[in-house]
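Novice: Structure below; questions to follow.
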Amino acid sequence: MRGLERIDRILGGLIEAGRWLVLPVVLLLFLQWPLRDFVRWGSREANDFGQWVFTLYVSLAMTFATRERAHLAVDAIAQGYSAAVRAGLARWSAVLFVAPWALFMIWAIAPTVLRSVLVLEKFPETNNFGYFLIKLACLLLAVLALLQALLDAMRPRSGG
């Protein structure tokens, strides 16, 4: 299980570092108005940069929510179940629903992402650098969801 723990720690560290991405997103959203109205330059660049930082942030935040069991869930019925049953439901849900969805998403978007990265696709409206990073972050979301589902499925059972 050492490998599993190492992957879990690496994923946790990546997510922990990613939480700071919210600061540049907020700053870029704030700066758009003064850049547009007072400086008269850079608001579109701030918007484009903010979009891909936000996409990366969301990719990591979704995985964080999964790790913390903070997603909306049908909890009204499950509250009456024992901890062992709830843990089993979480484990099997990861295997039966999240992992296949993540695999499908990886399969479906990987060619598009690869093409976009190879040409370093730019934002269509502004021709600014970085649109390929949005597509890459979408692929990252699917990969992180798959990794977390596998970690959840292979996690040793607690004695509950």
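The values are calculated or read from the model by the stated rules, or taken from the named source; none is laboratory data. Given the structure is predicted, the values throughout are model-derived calculations rather than measurements. Heads up, the Cβs are rebuilt from the backbone with ideal geometry, glycines too, and the neighbour counts pull from every protein chain shown. SASA here: full protein model, heavy atoms, side chains in, ligands and nucleic acids out. Shrake-Rupley method; radii C 1.70, N 1.55, O 1.52, S 1.80 Å.
Novice: Out of curiosity, is ALA84 more than 30 Å from GLU125 (Cα to Cα), assigned to a helix (DSSP H, G or I) and in contact with a His (Cβ under 8 Å, 6 or more places away or on another chain)? Write out each step before concluding.
Specialist: On the way: more than 30 Å from GLU125 (Cα to Cα): yes; assigned to a helix (DSSP H, G or I): yes; in contact with a His (Cβ under 8 Å, 6 or more places away or on another chain): no.
Answer is no for this residue.
Novice: Residues being within 15 Å of the chain's Cα centre (by Cα) and buried (at least 16 other Cβ atoms within 10 Å of the Cβ): count how many of those fall in segment 72-101.
Specialist: 2
Novice: Name, by its number, the condition in (1) surrounded by 14 or more Cβ atoms within 10 Å (Cβ to Cβ); (2) under 23 Å from the mean Cα position of the chain (by Cα); (3) of a type in the set (Lys, Arg) that does not hold for ARG69.
Specialist: The one condition ARG69 does not meet is (1).
Novice: For the condition surrounded by 13 or more Cβ atoms within 10 Å (Cβ to Cβ) and either out of contact with any Leu (no Cβ under 8 Å at 6 or more places or on another chain) or modelled with pLDDT of 95 or more (or both), what is the one hit in PHE104, PHE123?
Specialist: Residue meeting the stated conditions: PHE123.
Novice: Restricting to segment 42-64, name every residue that is farther than 17 Å from LEU27 by Cβ and either open to solvent by less than 20 Å² (accessible area, probe 1.4 Å) or not aliphatic (A, V, I, L, M) (or both).
Specialist: SER59, LEU60, THR63, PHE64
Novice: Any chance you could count how many residues in segment 47-79 are modelled with pLDDT under 90 and of a type in the set (Ser, Thr, Tyr)?
Specialist: Summing the residues that are modelled with pLDDT under 90 and of a type in the set (Ser, Thr, Tyr) in segment 47-79 gives 1.
Novice: Follow-up question, since we're still on this one. Could you run through segment 117-160 and say how many residues are in a helix (DSSP H, G or I) and charged (D, E, K, R)? Spell out the reasoning first.
Specialist: At the first step, the residues of segment 117-160 found to be in a helix (DSSP H, G or I) are 117-118, 131-154.
Now drop any that are not charged (D, E, K, R), which leaves 135, 152.
Number of matching residues: 2.
Novice: Filter segment 1-25 down to the residues that are of a type outside the set (Asp, Glu) and exposed (fewer than 13 other Cβ atoms within 10 Å of the Cβ) and list them by number.
Specialist: Those that are of a type outside the set (Asp, Glu) and exposed (fewer than 13 other Cβ atoms within 10 Å of the Cβ): MET1, ARG2, GLY3, ARG6, ARG9, ILE10, GLY13, ALA17, ARG19, TRP20, LEU23.
Novice: Let me ask something additional. Suppose the filter is open to solvent by 80 Å² or more (accessible area, probe 1.4 Å) and within 25 Å of the chain's Cα centre (by Cα); does PHE38 pass it?
Specialist: For PHE38, the condition - open to solvent by 80 Å² or more (accessible area, probe 1.4 Å) and within 25 Å of the chain's Cα centre (by Cα) - is not met.
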